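Worksheet: the structure to be examined is printed underneath.
The values are calculated or read from the model by the stated rules, or taken from the named source; none is laboratory data. Since we're looking at a predicted model, the values are computed, not measured. Don't worry about glycine lacking a Cβ; one is built from the backbone with ideal geometry, like all the others, and counts go over all protein chains shown. Keep in mind that these areas ignore ligands, DNA and RNA; they rest on the heavy atoms of the full protein, side chains included. Shrake-Rupley method; radii C 1.70, N 1.55, O 1.52, S 1.80 Å.
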Amino acid sequence: MRALSLLKAVSVFTENGTKLGQVHDLAINANGTVIGLIICRPALFRSSIFVPLEDILCFGRDEVMIAEKAGRGNKFTGYTLYSHEPIAGKILLSNSGEELGLLHDVYFDEKQGTIVAYEASDGFFADISVGTKVIQTSCPPIFGKDAVVISVYDQ
């Protein structure tokens, strides 16, 4: 299980030792499954590429290793945590109508791509005094325009 906040800005290398860039974001499909990483490439004009989860060879502590062919011509449509169609900052609701806070981060299984927990914030001062909440779930989320709905008590 890994949080995007701990993975963000980690260097990405190909299996041949070429640095491709740094992890910028998670690519998430409409079913709430992590389908890959958005890699930010160093360039005069910042460019990014999508690397599907199946092209990622390993998630190390200090870097991510990907297949040599990864990121070539892959198109991404869906959600991300922070950049394109972001879900971070949206209200996190339980399917029973309880407001859980603002979505801050996700924890995901690197092998299967499933999101296993959501980190919710009640604001800066609450985070300092109490901390953020980590809410586990095994059911897929519902991405709405203004909120993300999750099943807190898996049904």
Review point. Which ones in the range 83-94 are free of Cβ contacts under 8 Å to residues at least 60 places away in the same chain and touching a strand residue (DSSP E or B) at 6+ places or on another chain (Cβ under 7 Å)?
Key: 83, 85, 86, 88, 89, 90, 91, 92, 93, 94
Practice item. Inspect the range 110-117 for any residue being open to solvent by 40 Å² or more (accessible area, probe 1.4 Å) and either over 16 Å from the mean Cα position of the chain (by Cα) or among the small types (Gly, Ala, Ser) (or both) and give the result as yes or no. Key: no
Study note, to complete from the structure: Expected output for the range 51-80 (first residue within 13 Å of residue 12 (Cα to Cα), partner in a helix (DSSP H, G or I) and modelled with pLDDT of 90 or more, Cβ below 6 Å, 6+ apart or cross-chain) is 66/55; 67/55; 70/55
Review point. Is at least one residue of the range 115-133 modelled with pLDDT under 90 and of a type in the set (Lys, Arg)?
Key: yes
Check your understanding: What number of residues in the range 118-134 are closer than 23 Å to residue 85 by Cα, among the aliphatic types (A, V, I, L, M) and surrounded by fewer than 18 Cβ atoms within 10 Å (Cβ to Cβ)?
Key -> 1
Check your understanding: What residue, among those in the range 21-51 that are of a type in the set (Val, Ile, Thr) and open to solvent by 10 Å² or more (accessible area, probe 1.4 Å), is nearest to residue 137 (Cα to Cα)?
Key -> 33
**Study point:** Candidate set: the range 6-20, residues that are loosely packed, with under 15 Cβ neighbours inside 10 Å and not in a strand (DSSP E or B); chosen: the one nearest to the chain's Cα centre (by Cα)
**Key:** 6
